[in-house]
Amino acid sequence: MTRLHLVRHGPTHAKTMVGWSDLPADLSDHAAISRLETHLPSNAVVISSDLSRAADTASAIQGTRQRLPHHADLREINFGTWELRPYAEIEAEDPELCFAYWDNPGDVRPPDGENWNEVRARVDAVVDTLIADNSGRDLVVVAHFGVILTQIQRALDVDAQEAFSHRIDNLSVTEITRHETGWSVGRINHRP
């Protein structure tokens with residue numbers, strides 16, 4: 001049994017589509033960070049996306065836990081040409097594509113970006129490797145909204161649209177356990 005504690009990075013305060021852009025996290029809410037650090041298992045292994053908003057959040061909650069190198073495959077969705085643009089602007093430019101991308105996640109992709117199935121395959125592969133390399137341990141994975149949703153989808157065995165219905169706040173933790181025979185989900189979007 002391996003438990004995953006999926007933590008969403010601190011807020012960026014951006015009002016645009018933020019995927020692979022390396023925006024910093026606002027880590028000024030020291031009380032929330034302290035509560036999160038205290039909530040997580042003290043013997044867990046910590047890993048994060050290589051984007052600074054996740055890596056810096058991981059450093060803020062690491063404490064005395066073992067740290068693994070950042071992993072690029074834990075990055076957020078690659079939004080391609082939609083990156084750093086307001087949703088309203090993207091929707092005005094191509095309402096059909098925008099609607100299809102969010103309403104029916106799967107094979108629809110933003111221009112020069114990733115579709116949901118590609119994101120899910122990328123994240124599943126790195127999580128599978130992490131579980132194999134750290135069997136029986138607690139893993140704190142500091143990543144992004146989309147990354148966490150891929151694992152909720154996987155563990156609950158739901159379609160992407162249902163996975164997208166879950167709220168994932170900044171500095172929240174989602175708890176998922178990998179058993180020999182399958183997955184179980186604890187709390188989703190828990191704010192200690």
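Please list, ordered by first then second residue, the pairs with beta carbon atoms under 9 Å, 6 or more apart or interchain, first in segment 140-152 and farther than 15 Å from E118 by Cβ and part of a helix (DSSP H, G or I), second of a type in the set (S, T, N, Q) and open to solvent by less than 10 Å² (accessible area, probe 1.4 Å).
Within 9 Å, the pairs are I148/S172; I148/T174; Q151/T174; I152/T174.
Could you go through segment 170-188 and let me know if any residue there is β-branched (V, I, T), surrounded by 15 or more Cβ atoms within 10 Å (Cβ to Cβ), within 21 Å of A31 (Cβ to Cβ) and touching a helix residue (DSSP H, G or I) at 6+ places or on another chain (Cβ under 7 Å).
Among the residues of segment 170-188, at least one is β-branched (V, I, T), surrounded by 15 or more Cβ atoms within 10 Å (Cβ to Cβ), within 21 Å of A31 (Cβ to Cβ) and touching a helix residue (DSSP H, G or I) at 6+ places or on another chain (Cβ under 7 Å), which makes the answer yes.
Restricting the first residue to segment 82-108 and requiring it to be without any contact (Cβ under 8 Å) to a residue 12 or more places away in the chain, which pairs with a second residue that is hydroxyl-bearing (S, T, Y) and assigned to a helix (DSSP H, G or I) meet a Cβ separation below 9 Å and a spacing of at least six or different chains?
Sorted first by the residue in segment 82-108, then by its partner, the pairs are C98/Y87; V108/Y101.
From the list R75, R67, exactly one residue is under 24 Å from S28 (Cα atoms), of a type in the set (D, E, K, R) and without any contact (Cβ under 8 Å) to a residue 60 or more places away in the chain. Which is it?
Answer to the selection: R67.
Mind checking which residues of segment 56-112 are assigned to a loop (DSSP other than H, G, I, E, B), under 28 Å from L4 (Cα atoms) and open to solvent by less than 80 Å² (accessible area, probe 1.4 Å)?
Scanning segment 56-112 gives G63, R65, L68, R75, E76, I77, N78, F79, P105, G106.
So which residues in segment 1-16 are open to solvent by less than 20 Å² (accessible area, probe 1.4 Å) and either among the β-branched types (V, I, T) or over 21 Å from G182 (Cα atoms) (or both)?
Correct list: T2, V7, H9, G10.
I'd like the residue in segment 24-50 that is in contact with a Leu (Cβ under 8 Å, 6 or more places away or on another chain) and either in a loop (DSSP other than H, G, I, E, B) or at pLDDT below 95 (or both) and, out of all such residues, is least open to solvent (accessible area, probe 1.4 Å).
Of segment 24-50, the ones in contact with a Leu (Cβ under 8 Å, 6 or more places away or on another chain) are 29, 32-33, 36, 44-50.
Now drop any that are not either in a loop (DSSP other than H, G, I, E, B) or at pLDDT below 95 (or both), which leaves 29, 44, 50.
Details: D29: 72, A44: 1, D50: 52 Å².
Out of the qualifying residues, it is A44.
Looking at (1) over 26 Å from D29 (Cβ atoms); (2) among the aromatic types (F, W, Y); (3) open to solvent by 60 Å² or more (accessible area, probe 1.4 Å), can you tell me which one W116 breaks?
Answer for W116: the failing condition is (3).
More than 23 Å from A55 (Cβ to Cβ) and in a helix (DSSP H, G or I): is that true of E118 in this structure?
So E118 does not fit the description; no.
For segment 25-73, which positions are acidic (D, E) and more than 16 Å from P192 (Cβ to Cβ)?
D26, D50, D56, D73 - these are the residues of segment 25-73 that are acidic (D, E) and more than 16 Å from P192 (Cβ to Cβ).
Looking only at segment 123-139, how many residues end up being open to solvent by 30 Å² or more (accessible area, probe 1.4 Å), in a helix (DSSP H, G or I) and touching a residue at least 24 places away in the same chain (Cβ under 8 Å)?
1
The values are calculated or read from the model by the stated rules, or taken from the named source; none is laboratory data. A quick note: this is a predicted structure, and the numbers were derived from the prediction, not measured. As a convention, Cβ positions derive from the backbone with ideal geometry for all residues, glycine included, and neighbour counts pool all protein chains shown. Note: areas computed on protein heavy atoms with side chains; ligands, DNA, RNA excluded. Shrake-Rupley method; radii C 1.70, N 1.55, O 1.52, S 1.80 Å.
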